[in-house]
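**Q** One structure follows; several queries about it will come next.
All of the numbers you see were taken from the coordinates with simple rules; none came from a lab. Here the structure is a predicted model, which means the values were calculated and not measured. No Cβ is skipped: glycine too gets one built from the backbone with ideal geometry, and neighbour counts run over all protein chains shown.
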């Protein structure tokens, strides 16, 4: 892990994979095809990409039950406890509709409603995490979304990972389809004979999934396009080097393009963390990935003062930020941009990945400057409410007409004036 | 205005203008050029598209003052009253950071922060509305955004519309640039010598602006891409035909592609509205536009029952919805999708365009199924807060490690276990 200067921060930046021109064209073709031919197109792409010929795209209740039976009971209990924690946190995010009555009899307000249908994409293979199912489905459920659909690519044997099915079953999601890639996104956005369209698609995926989400955006809503995972640790001399190193490595093992950065006011800590990274790296099962990630996108920045360090942290705007300092809460108050902030020595980042409660779908690649963790708000929308009273229109109608005419919109002015006879 | 059947609703759908391949290429070139050459590129495109050679892109304080002096004092007062109303409504939207302490000493929470810098695009020419300035700037100010920048295309004389400058001055926005089109969006997203980049860009524009916003999305945040304006009116026999017609026409005059739909349980009202539309249309100054809009995208749907009518309204998911029925509040409760809902006979849609307080930037083209009016939330973002206690890690550390190992992430499990010595 290299020690770098502040101004070298840019060298760590990785932008979201925009795909090649070829990939973009392929995705457009798939979407067009699924729009035109529905299930037949989905089945043919599943044959081509997933190498399995599926008659029935939907996962049966029997398959769900079999997956549930096959899983260790102790793990089910851990999953259930995690579910409770996640649900409790997200319930706290619910917001109320509100109304503000005025003395003149008018009422203004904001009505909150859930979207009708959400589609959750769950990646296949080694990235098929039950925790992803929880983190995407639970906020939608808490928001009150009536229909929640999951799609996930099948293996060559026509099955989908058990962990994903168990998570779905635990949450009461029964509409699960064996479809992956751009064809899944197209089916969710536009519908096929066997899959009714949804209003919003969330969940991570490979570059084809990301490109397809970008392509259907506008016809349906999507969540953010996630880049590789990141961690920044803000630490002073009160932090323990072995803990800091272990947490940095927990992000590095995700992906060769993951980024792990330590920002510290202690040169001694910096040097010890460097050593610890080497020691701990050696026998990690995902050594190759973690090694590449640390070498290419790992770095240590040493600052003179804590405020200078916090400024660097705000510039990074990391997906995950750990604060291991003498005053973690005080320092957190000064942090402007981060997806999730982990405070103090016991808040190792994996605590938030599965179990604590907050969502693990977080803004990456510096987008914490303007984006938020996935939340209940992502599955609701607002309508403004305007109930004007006779008195309000009487007092303000003239001003509104005048405003309209100044903006050159005569029919707007007249719409107000048509009501004049009502208050004569 | 034609009477249509429910199943013909699709014929009224207008999708967002995606631009031609040529336009998309032009926009990509402009963005690339502004990224490379900064101000020089912006100036050269301004010369090419706006036909004016500008040395200085930023509007001077003298220009702002001169605009203010030139405007009628009475209009300033109306603007100020509108500003107050809009500010009061948006202040109600502010949400608090929250923390939830647990008995084991852990704290979970959600921290709300404003984005650092917002860029507001204001279209030029006849669409340069002071109300657009208010509706985009005020939510950003209420959110606490420190830096708010405006760009708007200059006329051939090198000036920008007075109304826009007055609105900016009233709100205390002093960073205004004479730049329009895709070059403005590129400058806001990536910065130039004279314009520091922002984190989010909002505001309407022509197809080049819309394409550019889509292109920079991800590097910065954007608001939704707006389609042509729409109104749906839900009415029973208690509604007055002349008022319904006037309100439908107030949207029709915006754009030949605007859509105005009446959904009613009263055939008598439907027929009278048809007549009234013809009578009122005749002498509108924007007759051509309103005529085309009514002919191509205007329609009346007659339903047997109010619940059936409300189902149609939910299918339309209109930008503006007026409810002129005997029970507007009861019917509103059943409406799931609409940008802004206007209740009762006095709530003519233009009331909301300028003056009442709620935002006039609303989801169009059916996107009210999943989008919201522009609000304070659009200029803030959240960070999750996780402060785990020693006791919490002791109780849950084992489960978290086990979960991590089941998902195949050993370094995650070890990060938790490194802390074991802390609780031994």
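**Q** Would you mind computing, in nm to one decimal, how far apart the modelled labels at residue A:13 and residue A:193 are, each placed 7 Å from Cα along Cα→Cβ?
**A** Reported label-point gap for residue A:13 and residue A:193 is 5.0 nm.
**Q** Separate question: Per residue, how big is the convex hull around the C-alpha atoms of chain A? Give it to me in cubic angstrom, could you?
**A** Taking the convex hull of the Cα positions in chain A, it is 205 Å³ per residue.
**Q** What is segment A:147-196 by shape, rounded, prolate or oblate, if you read a ≥ b ≥ c off the alpha carbon gyration tensor as root eigenvalues and call it rounded for a/c under 1.5, prolate for a/b larger than b/c, and oblate otherwise?
**A** Oblate, since a/c reaches 1.5 and b/c is not below a/b.
**Q** What percent do you get for the relative contact order of segment B:310-410 when only Cα pairs under 8 Å and 6+ apart count?
**A** Taking the mean separation of contacting Cα pairs over the length of segment B:310-410, I get 23 percent.
**Q** Continuing with the same structure: Does segment A:1-150 come out rounded, prolate or oblate, given a ≥ b ≥ c as the square roots of the eigenvalues of its C-alpha gyration tensor, rounded meaning a/c under 1.5 and, failing that, prolate meaning a/b above b/c?
**A** It comes out rounded by the Cα gyration axes.
**Q** If the convex hull of the alpha-carbon atoms of the protein assembly as shown is projected onto planes in all directions, what is the mean projected area in square nanometres?
**A** Mean orientational projected area (the protein assembly as shown, Cα hull): 35.5 nm².
**Q** For segment A:98-198, take the alpha-carbon Rg, divide it by the Kirkwood Rh, and send me Rg/Rh.
**A** For segment A:98-198, the value is 1.18.
**Q** Within the protein assembly as shown, what percent of beta bridges assigned by DSSP are antiparallel, to the nearest 5?
**A** Approximately 25 percent, going by the DSSP bridge assignments.
**Q** Please state the shape class of segment B:212-329: rounded when a/c is under 1.5, otherwise prolate if a/b exceeds b/c and oblate if not, all from the C-alpha gyration tensor.
**A** Oblate, since a/c reaches 1.5 and b/c is not below a/b.
**Q** Between copies, how far apart are the residue B:147 label points? List them in nm, one decimal, shortest first, with each point 7 Å from Cα toward Cβ, please?
**A** Distances to the matching label points in the other copies: 4.6 nm.
**Q** Sticking with the crude label model, points 7 Å out along Cα→Cβ, report the distance from residue B:308 to residue A:55 in nm, one decimal please.
**A** Each label point is offset 7 Å from its Cα along the Cβ direction, giving 4.1 nm.
**Q** Of all DSSP beta bridges in segment A:21-222, what percent run antiparallel (nearest 5)?
**A** The antiparallel proportion sits near 25 percent.
**Q** For chain A, what is the percent of antiparallel DSSP beta bridges, rounded to the nearest 5?
**A** Beta bridges within chain A, antiparallel portion: roughly 25 percent.
**Q** Over chain B, what is the relative contact order in whole percent, taking alpha-carbon pairs under 8 Å and six or more residues apart?
**A** 20
**Q** So what is the diffusion coefficient of segment B:114-255 in µm² per second by Stokes-Einstein at 25 °C and 0.890 mPa s, using a Kirkwood Rh over Cα pairs?
**A** After rounding, the answer is 151 µm²/s.
**Q** Please give the length that would be gained between residue A:91 and residue A:292 if that part of the chain were fully extended, namely 0.36 nm times their separation in residues minus their C-alpha to C-alpha distance (nm, one decimal).
**A** 68.4 nm
**Q** Could you line up A:56, A:175 from fewest to most neighbouring Cβ atoms inside 10 Å?
**A** Ordered from fewest to most neighbouring Cβ atoms within 10 Å, A:56, A:175 come out as A:56, A:175.
**Q** What is the distance, in nm, between label points placed 7 Å from the Cα along the Cα-to-Cβ direction at residue A:39 and at residue A:156?
**A** Between residue A:39 and residue A:156, the simple spin-label model gives 2.7 nm.
**Q** Within 10 Å, count the other beta carbons around each residue, average over each peptide in A:23-32, B:369-378, A:96-105, and list them highest first.
**A** Descending packing order for the listed peptides: B:369-378, A:23-32, A:96-105.
**Q** Sorted from shortest, what are the nm distances separating the label point of residue B:334 from equivalent points in the other copies, each placed 7 Å from Cα along Cα to C-beta?
**A** Residue B:334 label point versus its equivalents elsewhere: 5.8 nm.
**Q** Translational diffusion coefficient, Stokes-Einstein: compute it for segment B:1-83 using the Kirkwood radius over C-alpha pairs as Rh, at 37 °C and 0.692 mPa s, and state it as an integer in µm² s⁻¹.
**A** Estimated via Stokes-Einstein, D reaches 181 µm²/s.
**Q** Per DSSP helix of 4 or more residues, -39500 (n - 2.57); summed, then divided by the residues of the protein assembly as shown. What does that give at 222 nm, rounded to the nearest 500?
**A** So the calculated ellipticity at 222 nm is -13500 deg cm²/dmol.
**Q** Rounded to the nearest 0.05, what FRET efficiency do residue A:405 and residue A:32 give with R0 = 56 Å and r taken as the Cβ-Cβ distance? Could you check?
**A** The value I calculate is 0.75.
**Q** Continuing with the same structure: What gaps in nm, shortest first, separate residue B:312 from its twins in the other copies when you place the label 7 Å past Cα toward the beta carbon?
**A** 6.4
**Q** Further, regarding this structure: Roughly how many Å is it from the Cα centre of segment B:26-80 to that of segment B:342-373, as a whole number?
**A** With segment B:26-80 and segment B:342-373 each reduced to a Cα centre, they are spaced 29 Å.
**Q** Something else now. Between segment A:155-193 and segment A:98-143, what is the separation of their alpha carbon centroids in Å?
**A** 20
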